[in-house]
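Below is one structure, written out as structure tokens, with a few remarks after it.
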């Protein structure tokens, strides 16, 4: 009297109840299947829509000027100029923030994963990381203003980088911890049994085994941080140009880091909310560049890793 | 200190009888030549051995003589010991896993630890190279001595100890690196950089593990490309590459097919003399095939310990006899 009797070879046992059940089960299964496909398609379409719109609006304003000029005010020749200062500024801020945030985050993650057994510090640290990861970035900005900008006297790049690092650390720590935990315990045991110290095991076996995933976590953190506007508004401020002490130069002088520092996101915000039409187009182009930047960063890291990473 | 076998008077003339045992007699010689064997430590009547429990069909261990006394055959007194376990007790948080184990691992021989699941043989093995330190909440009393030096406490260099004891695990666990990198890992830890030395040791270890011919053309390919049996032999090669004195093997064949098992057993047989091997196994026939000495453990206690032939064909304890004849476990 069950489904099974209907699917076995031999004389079919006709039973209304089981037939109806079977049809219903198949129908339900088909509906779920189509629903999953449908939602996936919808999401991909939405993504394509957003990206397409962005490309459409941004491409119109992409030109060499975008990468060569800083902002040129209306009325001066070469208006509206470009976003060189923003691009260079964001890249600089990312590098500075990463140099602080990634080591600290990774070491915290390693601590939470490898050294946390028997330690009373581990659970509070983990909890705090989770809480900090969800703090709104504008709060980080205000915090940075009070703690960094006020004592330093003015807005500057260091404050901006530290605020970004503050956002980065919990993300990197938690993802590193999760990825290291996924490495099978048997690797650690085998390494220890061969007479390796714990540090050697972590450096030479555990981390290399988790490299791909850890890098993904780091890239996620960088991508998140590259797109932050609110904290930079408070800490790095607004700057419409980036020039050396003695005039325009492609390099950043240390002096620049102590003054309000430009960034792509803040500049795009200023342009987009401003009144001038050409600058609005420039803002779109800037956003497109930002997205492309992150995309290229990801791609480059993935490609480099793929050659070394032995599965 | 080695426990001497109990000198209790045996009530029956011929000693305990074997009933329905799996182990056949090897020779026509009488089972118990009285001139050689010490009296049996049996306090219950022989009838207990022949009775099978009725009703539930579950095998039962006939608990007669106290489990706390270990019966160590006199043959072991003459063997030089490389590891001595003395009154060793181990606690996992609250529960006691090992109760006062005393044994001497003879140098250059293969010693098998047998017993039913959960009897503590893997725990004992892992305690020898202090791998149980990795587990939280483990507490140890008593001590073990490696060449006279205390393993627990006493300022021993744990890393040096582990370098002298290679370990092979139940499930093969090659690192996610190339075969070559796996085998020379132990040497790289020690700081060896010379490519010539590493190459030579790699070949020697892989030959020793009977894997060289199969992998010599693909030393730098990933270790995961090997089959299960090959991976286990790779782990053995990795363990013997730094030339340890003692090889600890925790059920190395339990995840392998019979052919791979035969290869590993042959390997273990060949390793004797140069290495001391302590092998934990569930498989009675395997223990009989490869080991010189066998230790039978039950419920965290060492019950009997002696030459393999004696344990299998002339055990002193009826618990041992019940186990080796397949009555339980």
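Restricting attention to segment A:180-215, which residues are outside any helix (DSSP H, G or I) and either modelled with pLDDT under 90 or within 11 Å of another protein chain (Cβ to nearest Cβ) (or both)?
A:183, A:184, A:194, A:195, A:196, A:197 - these are the residues of segment A:180-215 that are outside any helix (DSSP H, G or I) and either modelled with pLDDT under 90 or within 11 Å of another protein chain (Cβ to nearest Cβ) (or both).
So for segment B:131-138 (the condition being buried (at least 23 other Cβ atoms within 10 Å of the Cβ), more than 9 Å from chain A (Cβ to nearest Cβ) and on the phi < 0 side of the Ramachandran plot), does at least one residue qualify?
No: zero hits.
Taking segment B:217-259 only, how many residues are outside any loop (DSSP other than H, G, I, E, B), more than 25 Å from residue B:200 (Cα to Cα) and within 19 Å of the chain's Cα centre (by Cα)?
Final tally of qualifying residues: 1.
Looking at segment B:158-201 only, could you name the residues that are more than 10 Å from chain A (Cβ to nearest Cβ) and either buried (at least 24 other Cβ atoms within 10 Å of the Cβ) or not in a helix (DSSP H, G or I) (or both)?
Result: B:179, B:183, B:184, B:191, B:192, B:193, B:194.
Consider residue B:145 carefully, then state whether it is more than 29 Å from residue B:297 (Cα to Cα) and buried (at least 17 other Cβ atoms within 10 Å of the Cβ).
Answer is no for this residue.
When segment B:291-314 is examined, which residues are found to be touching a strand residue (DSSP E or B) at 6+ places or on another chain (Cβ under 6 Å), more than 19 Å from residue B:122 (Cβ to Cβ) and assigned to a loop (DSSP other than H, G, I, E, B)?
B:292
Residue B:154: more than 27 Å from residue B:266 (Cβ to Cβ), away from chain A (no Cβ under 14 Å), more than 24 Å from the chain's Cα centre (by Cα) and not in a helix (DSSP H, G or I), yes or no?
Answer is yes for this residue.
Mind checking whether some residue in segment A:98-108 is crowded, with 19+ Cβ neighbours inside 10 Å and farther than 24 Å from residue A:229 by Cβ?
Looking for residues that are crowded, with 19+ Cβ neighbours inside 10 Å and farther than 24 Å from residue A:229 by Cβ, one finds at least one in segment A:98-108, hence yes.
Do we find that residue A:237 is buried (at least 16 other Cβ atoms within 10 Å of the Cβ), at pLDDT below 90 and in a loop (DSSP other than H, G, I, E, B) in this structure?
Yes, satisfied.
Quick one: how many residues across segment B:60-78 are at pLDDT 75 or above and crowded, with 17+ Cβ neighbours inside 10 Å? Break it down stepwise before answering.
At the first step, the residues of segment B:60-78 found to be at pLDDT 75 or above are B:70-78.
Right, trim to crowded, with 17+ Cβ neighbours inside 10 Å and you get B:70-73, B:76.
Total satisfying the criteria: 5.
Do we find that residue B:300 is on the phi > 0 side of the Ramachandran plot, surrounded by fewer than 18 Cβ atoms within 10 Å (Cβ to Cβ) and out of contact with any helix residue (DSSP H, G or I) (no Cβ under 6 Å at 6 or more places or on another chain) in this structure?
no
Assess whether residue B:210 counts as being away from every other protein chain (no Cβ under 14 Å), surrounded by fewer than 24 Cβ atoms within 10 Å (Cβ to Cβ) and on the phi > 0 side of the Ramachandran plot.
The answer is yes for residue B:210.
May I ask you to verify whether residue B:204 is under 21 Å from residue B:268 (Cβ atoms), surrounded by 15 or more Cβ atoms within 10 Å (Cβ to Cβ), out of contact with any helix residue (DSSP H, G or I) (no Cβ under 8 Å at 6 or more places or on another chain) and away from every other protein chain (no Cβ under 14 Å)?
Spelling it out, residue B:204 is indeed under 21 Å from residue B:268 (Cβ atoms), surrounded by 15 or more Cβ atoms within 10 Å (Cβ to Cβ), out of contact with any helix residue (DSSP H, G or I) (no Cβ under 8 Å at 6 or more places or on another chain) and away from every other protein chain (no Cβ under 14 Å).
Taking the stated definitions as given, is residue B:139 at pLDDT 90 or above and assigned to a helix (DSSP H, G or I)?
Details: at pLDDT 90 or above: yes; assigned to a helix (DSSP H, G or I): no.
Here the answer is no, as residue B:139 does not meet what is asked.
The values are calculated or read from the model by the stated rules, or taken from the named source; none is laboratory data. Everything numeric here is computed off the predicted structure, so don't read it as measured data. For neighbour counting, all protein chains shown are included, and Cβ atoms are generated from backbone atoms with ideal geometry for every residue, glycine included.
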